Amino acid sequence: MDHRWLVLSASRTNGGSVPVSDPAEEFLDYWCSEHVKTVPEARKQEEADALAAACLLDAARAGIQAGDIQEAAGGDLVKYMLEELASRD
């Protein structure tokens, strides 16, 4: 797994005018940009389920809790992945 998103997160400070963003949100955004690709309409639900599972696994490997990823996704990671897939059309 590519951990470039960690460099972005680690380089931010909390003592100035630059706000520190949520590591789970950063992870989710970066992860989706690397893994979500265009798929046929008939496969979107299956792909969203698989993407959500893979994202949670990679997040756990990166030390990010599943609940944090779910929260960053608005409470429903599969729905979030479906929306990401739809945005690739």
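Residue-level analysis places Ser21 outside the set of residues that are of a type in the set (Ser, Thr, Tyr) and either modelled with pLDDT of 95 or more or more than 20 Å from Gly75 (Cβ to Cβ) (or both). What helices (runs of 4 or more DSSP H) completely inside the stretch 20-89 contain at least 1 residues that are touching an Asp or Glu at 6+ places or on another chain (Cβ under 9 Å), crowded, with 17+ Cβ neighbours inside 10 Å and free of Cβ contacts under 8 Å to residues at least 24 places away in the same chain? Qualifying helices (runs of 4 or more DSSP H): 66-72.
The values are calculated or read from the model by the stated rules, or taken from the named source; none is laboratory data. For clarity, every value in this text was computed on a predicted model and none was experimentally measured. Heads up, the Cβs are rebuilt from the backbone with ideal geometry, glycines too, and the neighbour counts pull from every protein chain shown.
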